[in-house]
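Read the structure below first, then the notes.
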Amino acid sequence: MKKVCGLVCMMWVAGAAQAQEDYHPFPTSNAEWRVIAYNGLKYHETLYEPHNRFAYRMIEYDTLIEGTIYSSIMPIWVDDKLGYCAFREENKRVYVYLPECGEHLLYDFNLEVGDTIFYTVSAVGDIDKGMYYGCNGTHYQVLVSTDSFELNTGEKRRRLHLSGGGGNYGGNWIEGIGDMGNLGVFNPFVNRYTWGGDSFAFTCFSQNQESVYISPRCKNCDCKESPNNVINIISLGISIFPNPTTGQLRITNYELSIKQVELYSIVGNLIQTVNVDTDEIEIDMENLQSGVYFVKVITDKEVITKKIVKH
């Protein structure tokens, strides 16, 4: 019996060590997150065109700030001037130093199901410059589940699914990349209480000039090409209509495998969750007040968040 227990314990220890080795740390250089921005989603039937494209580029640059060494920096806009933020990782926790706000925890890949991460930075997307932020916010995310996600390189990494609160819509994190949501790497800071009405889509992550993840909505990392040389809602793998709606909202799956659909109020309160087992989902909004809502579609490849207008 002792021999069997000893063998099992050795196997468990070896498995735990392997799991530790499989962790993919956050990049410290030559990394880029690309985002496309839309000004109110300019519709042409089911077609819409991006207003702007921008990228967050991480540069290897050891620097000492308030007694702490940061391993990389990233250009950002601060008060209409180009500035820099700094990143460091410690024990699977990713910290970012923001001008005027100081250091804040951005990701914690130690989270276990049920754990909560709190944020005091409230970020908002800017159609031309990317992210603006304030230092006084109160919102959070809760880890709901984890799974494995296959990148364009064929490599599989751990993915974390999080729900949100206090105006935060939650997110989906991938080790070594970060959030797959609208503003990419900074998306956990986004608080819909400060949301400016523009729409954003994270399209690509590359490292050392290699495209590691490309959104299904894009043919390449530049995302300048799609089947009709524009971005087509159906080419994203789903369609969401009618929008605006007077009651029923229909979501149809064409290419992506939809796992779950969530409906949120404009201030980030979760109204309804639908676990999907069919290719077509209907959400009843008839009894909701007129106004702006957000529908979050969680698929096997990405998370799509779309603004919905209820008349």
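Annotations for the structure displayed:
- Selected residue (criterion: surrounded by the fewest Cβ atoms within 10 Å (Cβ to Cβ)) from residues of segment 269-311 that are of a type in the set (S, T, Y) and closer than 22 Å to N182 by Cβ: T273
- Close pairs (9 angstrom Cβ cut-off, 6 or more residues apart or separate chains): more than 15 Å from E90 (Cα to Cα) and of a type in the set (K, R) in segment 63-77, surrounded by 13 or more Cβ atoms within 10 Å (Cβ to Cβ) and at pLDDT 90 or above anywhere: none
- Residues satisfying the stated conditions in segment 97-111, i.e. modelled with pLDDT of 95 or more and aliphatic (A, V, I, L, M): L105, L106, L111
- The residue pairs whose first member lies in segment 101-123 and is assigned by TED's automatic domain parsing to the domain that holds L160, whose second member is outside any strand (DSSP E or B) and of a type in the set (V, I, T), and whose beta carbons are closer than 7 Å, counting only pairs six or more residues apart or on different chains, are C101/V121; H104/T120; H104/V121; T120/T138; S122/T194.
- Considering the conditions (1) surrounded by 13 or more Cβ atoms within 10 Å (Cβ to Cβ); (2) modelled with pLDDT of 90 or more; (3) not in a strand (DSSP E or B), G114 is excluded by exactly one of them, (1).
- Scanning segment 218-237 for residues that are crowded, with 20+ Cβ neighbours inside 10 Å and either over 22 Å from K306 (Cα atoms) or at pLDDT 70 or above (or both) returns C218, C221, C223.
- Applying a threshold of 8 Å to beta carbon distances and a minimum spacing of six or more residues, or different chains, the list of pairs starting in segment 147-167 at a residue that is touching a residue at least 24 places away in the same chain (Cβ under 8 Å) and surrounded by 17 or more Cβ atoms within 10 Å (Cβ to Cβ) and ending at one that is of a type in the set (K, R) and outside any strand (DSSP E or B) reads G167/R192.
The values are calculated or read from the model by the stated rules, or taken from the named source; none is laboratory data. Computed from a predicted structure; not experimentally measured. With ideal geometry, Cβ positions are generated from the backbone for all residues, glycine too; neighbour counts draw on all protein chains shown.
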